[in-house]
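The values are calculated or read from the model by the stated rules, or taken from the named source; none is laboratory data. In this text, all values refer to a predicted model and were calculated from it rather than measured experimentally. So basically every Cβ, Gly included, is an ideal-geometry build from the backbone, and we count neighbours across all protein chains shown. Ligands, DNA and RNA are excluded from the accessible area calculation, which covers all protein heavy atoms including side chains. Shrake-Rupley method; radii C 1.70, N 1.55, O 1.52, S 1.80 Å.
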Amino acid sequence: MGDFWLPEAASTIAPEVDSLFLFVTAVSAILLVGVTGAMLYFVYRYRRQSPGERPAPVEESKLLEISWIVIPTILVLLVFNWGFKSYVKMHAVPSEAYEIRVQAQQWNFLFEYPNGVTSDTLYVPEGEKVKMRMSSADVLHGFFIPAFRVKYDILPNRYTSVWFEATKEGDYDLFCTEYCGRNHSEMDKVVRVVSQDEFDNWLEEAGTSEDIPLPELGKQLYSQRGCQGCHSLDGSEMVGPSFQGLYGRTDHEMSDGTTLTVDENYLRESILKPEARIVAGYNNLMPGSYSSLSERQLTGLIEFIKEQSDKEPPASDQGQTTATN
Amino acid sequence: MATDTDIAPAPTETDHHDHPAHLQHHFVSSEQQFDSAKLGMWLFLITEILLFSAMFVAYAVYRQWHPETFVAASETLNVTMGTINTIVLLTSSLTVALSIHYIQKDEVKKCIYNLGATLVLAGGFMVIKYFEYTSKFEHGAYPGGMFDPHGGHYAQLADVPFASQFFSIYFVMTGIHGLHVIIGMAVIGWVAVRAWMGSFSSEYYTPVELTGLYWHLVDIVWIFLFPMLYLI
Amino acid sequence: MSTDTQNTAVAQPDEHEEGENYLNHETSVWSWLSTKDHKRIGVLYCVTLALVFLAAGVLALVMRAELSGPGETMMANDTYNQVFSMHGIMMVFLFLVPSIPAILGNFVLPMQIGAKDVAFPRLNLASWYVYLAGATLTIMALLWGGVDTGWTFYTPYSKTTGGGVLWMTSAIFVAGFANIFTGLNFIVTIHKMRAPGMTWNRLPLFVWGMYATSIVQVLATPVIGITMVLLILEQVLQIGIFDPSLGGDPVLFQHFFWFYSHPAVYIMILPAFGIMSELIATFSRSRIFGYRAIALSSVAIAMLGFLVWGHHMFVSGQSVVSSIVFSLITYLIGIPSGIKVFNWVATLYKGSIWLQTPMIYALSFLFLFSIGGFTGIMVGVLSVDVHLHDTYYIVSHFHYVMMGGTVVALLGGMHYWWPKITGRMYNETLGKIAAFLIFVGFNLTFFPQLVLGAKGMPRRYATYADRFTELHQLSTAGSGVLGVGLFLVLGYALWSLKYGEKAPANPWGAATLEWTNVAALPDPHNFKRTPLITRGPYDFHLADEVFGGGDGEADGDQGLRVPDAAPAAPLEPSRDA
Amino acid sequence: MSDDGHHILPKATLLKVFGGLIFLTVLTVAVAYVPLGPLAVPVAIGIAATKATLVVLYFMALRYDNPVNALTFTIGIIMVMVFITFTMIDTAFRGDMGNVDRQTMGEIEREQEAAQQQQEQIPSEQLRVAPADYPDDRGADAGAASGDGDS
């Protein structure tokens, strides 16, 4: 029955939740069959034979009434107590837990490890207690890993946390479960449970992102920070302007009718202050949270956008900005 | 509730054969009509109480989180004006109660005078409120996002975190209360006019009584707002 | 057992056709728009709410169509978000909350207690106009770009998503007054307008259900009103109570919202309980088992319903302490609902059960509501709710309660009182087919969603992972069957208005006053003479002596039995009746 | 006319109650200037509750009214209590999660990062275009932008 109802269980808390779920399901099923069976039997047994039937009133039975108050009460209190215990366990974060920061924003999760590595896939070591310290940059989000049976909302104004201990290597889904706007349903990530050694290796390698070339860093950020949700690379229309051929355009039209040339300054301003200038035909839907990018990240992202265009850099007044090329 | 066993009320002797003008056809007696109206009014009053309750909850929660802020911010309110307004409103409650007292005794003139006095006092309340509001606006003590205190003893609030929450709650609560005062004034005016036209007597004064109940509720809300916002 | 009601009553003398009734004593449009007759207001509401249900139901079909495939099948995310938001908002605030009280409560309640009208007829009419104003504001919200917040309007998202939210929150604020008016009116009516002899212990259980509902309406609705006002002020004046970027707390909004919206669930389901009791008693011709328990458990549910709102917030950031408290009280509220189900089943025991369409709806209700209740127990379990919260399990759970409960009961009630409202019989065969289609379609739609949710499919998703596809397609197919069933009901209902057989005064052999003491089509003032009540609401064993048989000539060979010289109150009603 | 619901309160009673209300008003203002510490709130609310009770019982004549009305009113008050109490069971016990912050977590982190960046002294040859007053005016801009309702 577990396979029919529930997804794979891959954390220490999951079996506990599952057994409770299955217990309640089983008891409910028995009661449902009982009630429905009795109902159908009565409907058949006491069906009306002639229109003039006048059944005699049935005496009420105190014992019966009391029994169906007392028995369900005992059952639900049992279930409450069970659920209460595992809920407390879910909330008592072990002090030795390994902490990963989760930053949620419309419509992306970003995971940050203690050594500063950021990733858009959640790598966790198998068999170690992991705590997620979560915050949101804009609206409410939800952090849900079905296989681990953990879920908690992510709030903009304070940290919330969940913890779990993964028990099985493999890839699992991570969903946003608190409705957060347009691309809520695409706000999902992969949780990759790996062995402790593999995890350590990954962490070390990923930690070297300082060395990777700028456009490469930009490419990573493009997918990690959710740019791909709104800006295509192949010129197709999405929520925001496509990056294809964007850089170097000289006839970039704004919603106030002016045109400008797309250079580094414009790109930088658009990332940091999206509301400052709006491209004609688009609304300002871009989150303001990109202002938290570091200088190097910004430069990387701009370099990446530049790579998406074959145009020459704009000729005029680019003195100090082109210097970095 | 099941213990309430009032059966459909029996009509009084006068009712059956000649119905008083105010008796609607679906009621058996004036008594039943009056009781219904009054129960309806009490039910309406508890909807009003629950309407205000959400704001009281907001107050309680934010005060619990930021007690120092609330103490600091409430010190900028003008206790003298608040006290005067409390007394004005209590007096208006008295005059409304007296107007019902007089109409019950068929003293229509005195009833109208008292209703008039209530109107004047309610107007006075709003005038004082107006001066309080404007003095706050002058110093930038707007609700929430526009909060930008400056000048006088408001300046110190600029450094108090969450002071804007206090003023949001202050303006929302007193604002909605003020709205109720204005609505109350309109209703009292209407009742006074009808009394003037001779619609009411000791036989039928339901609108006067219901208006009185409403006005007392407005008073009660203020009785709580005053210490919460001005004193503690 | 006769399944066809058509060929029996045709030959009967149409005694009720003579004389005036509430439909024909005035016929101008203005007479309808200015009517203070509770029956006409019920009909006005019926037409309006049917339109709303149709619109919101079509939106549901559109949603299911979009979900027939994992990716984008027919609409963009934005559109889908607006569609599910509008479906939820319209169904909850504009349909389910007013539905049974405004239609059947208005029509039936005064007759059941032997009153000429509700206590405040003008307020009653006002409630309909206020409702219309609310509906108009909803349309304004649509014109203003729609709403994509879901029906919950959680901050801070609802603050950032455009002007439609302002219109929509105003709409909910305004429509709330319509509910307050109705509830207030019913409480006063039940307290003050009962006919002589109609003691609290003789009230039909539908009246008890409406009484409990009205208490919740009066106590809870003002809070959603002020919450919406605060949300509007948050947008307009940036008051910073709910918006975290201004120092507010989004979880506080959830407290405010659920302080209303959880009791609102009882506003929707308690009237359904009332209808159930009427249907089960009438169609098994026996006294409701545990009358007192059912009556008082309604009031108990209404009161306890105010203490459990936090179970919607187990994972939203409220304190662990309050989650535990709320969870515990949640169980206490499950018990009165369970008692009702057991009592209804026990009522069938040794009855005389007549399987007409309304009874089929009643039996469907018992099954569907039980599933709704059991899944409710499941999501009340703290640790299990962590897994199930905001998944399709929840979606399915509340549809089992709201649709399988409230809507199915409403359909049963509409069939049951249809002869009284329209003076016509519906087609019994089609009625049974539709009831069957609705039952099958409903389960096919929502049972797969239970499984989907348990497997981790989050709600409010326009697209989903491939492995959920089969279950989603099953659900979509079910929604088609459900839709066909509902449209069939609409079809034969409209048909019966013109071609339906004339209904007798008491086709079901029911024992409550609206059947025994009122003509087939009610008089404008309901009763020719105020009735005097000397018996309980379901004393079928007294049928022959007290209210003149009423076998329900639709079920066979008996001739039409117009209610005997209705036992009426003496001209001077006396206190000791 | 019968007595219930039509009780005529003597003028003397009304005046006495009014006197009591004025006295309690003066008292509560006076007490506000006495440093009572943690007792200040309960005392002030207690006095207000007493005043409200006087108004309800006498001015609104609930004391002489139909018990149903009294019950109605009481249930209303109980609901307000429930609302306040149960909400505060949450807000008072959020524990380690702390209270609300005046800004969003994102803004706090951004500010910290900005401070850090200033310390790090960005080399002048790097990209530097954003307006100088940035990011201090972000909040205001975001507020204005969301008010426009442009989605």
Open item on the list: I'd like to verify a number: residues in the range A:1-38 that are in a helix (DSSP H, G or I) and under 24 Å from residue A:130 (Cβ atoms), how many?
Closed with: 8
- [ ] Might you let me know whether the range A:188-207 holds any residue that is facing another protein chain (nearest Cβ under 9 Å), open to solvent by 10 Å² or more (accessible area, probe 1.4 Å) and not hydroxyl-bearing (Ser, Thr, Tyr)?
- [x] yes
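So that you can scan it fast, the table gives a plain yes or no per residue for (1) in a helix (DSSP H, G or I); (2) within 16 Å of the chain's Cα centre (by Cα); (3) within 14 Å of chain C (Cβ to nearest Cβ):
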position: B:167; (1), (2), (3): yes, no, yes
position: B:190; (1), (2), (3): yes, no, no
position: B:193; (1), (2), (3): yes, no, no
position: B:201; (1), (2), (3): no, no, no
position: B:209; (1), (2), (3): yes, yes, no
position: B:217; (1), (2), (3): yes, yes, yes
position: B:224; (1), (2), (3): yes, yes, no
TODO: Using the structure shown, decide if residue A:48 is at pLDDT 90 or above and either closer than 28 Å to residue C:286 by Cβ or more than 7 Å from chain C (Cβ to nearest Cβ) (or both).
DONE: no
Task: Count of the range D:17-37 residues which are under 14 Å from residue B:226 (Cα atoms) and open to solvent by less than 50 Å² (accessible area, probe 1.4 Å) - done: 8
TODO: Output yes when any residue across the range D:131-144 is modelled with pLDDT of 80 or more and part of a helix (DSSP H, G or I), and no when none is.
DONE: no
Open item on the list: With buried (at least 24 other Cβ atoms within 10 Å of the Cβ), modelled with pLDDT under 95 and more than 14 Å from chain D (Cβ to nearest Cβ) as the only criterion, which of C:195, C:220 stands out?
Closed with: C:195
Task: Single condition residue C:368 does not satisfy, out of (1) assigned to a loop (DSSP other than H, G, I, E, B); (2) within 11 Å of chain A (Cβ to nearest Cβ) - done: (1)
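Yes/no matrix, rows are residues, columns are (1) assigned to a loop (DSSP other than H, G, I, E, B); (2) open to solvent by 20 Å² or more (accessible area, probe 1.4 Å); (3) at pLDDT 80 or above; (4) not assigned by TED's automatic domain parsing to the domain that holds residue A:186:
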site	(1), (2), (3), (4)
A:216	no, yes, no, yes
A:220	no, yes, no, yes
A:247	yes, no, yes, yes
A:271	no, no, yes, yes
A:298	no, no, yes, yes
A:306	no, yes, yes, yes
TODO: Out of B:133, B:102, B:113, report the one residue that is under 30 Å from residue C:242 (Cα atoms) and of a type outside the set (D, E, K, R).
DONE: B:133
Open item on the list: Which of the numbered conditions does residue A:54 fail, given that it passes all the others? Conditions: (1) charged (D, E, K, R); (2) more than 45 Å from the chain's Cα centre (by Cα); (3) open to solvent by less than 60 Å² (accessible area, probe 1.4 Å).
Closed with: (3)
Open item on the list: Looking only at the range A:57-106, how many residues end up being open to solvent by 30 Å² or more (accessible area, probe 1.4 Å) and among the hydrophobic types (A, V, I, L, M, F, W, C)?
Closed with: 17
Open item on the list: Return the residues of the range D:42-62 that are over 16 Å from residue B:45 (Cβ atoms) and more than 9 Å from chain B (Cβ to nearest Cβ); say none if nothing qualifies.
Closed with: D:42, D:46, D:50, D:54
- [ ] Check whether at least one residue in the range B:72-93 is free of Cβ contacts under 8 Å to residues at least 12 places away in the same chain, touching a Pro at 6+ places or on another chain (Cβ under 9 Å) and either open to solvent by 10 Å² or more (accessible area, probe 1.4 Å) or more than 7 Å from chain D (Cβ to nearest Cβ) (or both), and report yes or no.
- [x] no
Open item on the list: Condition check: of a type outside the set (S, T, N, Q), open to solvent by 10 Å² or more (accessible area, probe 1.4 Å) and closer than 29 Å to residue B:42 by Cα. Does residue C:260 satisfy that?
Closed with: no
Open item on the list: Of everything in the range A:32-42, what is under 12 Å from residue C:367 (Cβ atoms) and within 7 Å of another protein chain (Cβ to nearest Cβ)? Give them in sequence order.
Closed with: A:32, A:35, A:36, A:38, A:39
Open item on the list: List pairs: first residue in the range C:336-351 and within 20 Å of residue A:71 (Cα to Cα), second residue among the acidic types (Asp, Glu) anywhere in the structure, Cβ distance under 6 angstrom, at least six positions apart or on different chains.
Closed with: none
Task: In the range A:9-24, the residues that are open to solvent by 20 Å² or more (accessible area, probe 1.4 Å) and either modelled with pLDDT of 95 or more or among the polar types (S, T, N, Q) (or both) - done: A:12, A:19
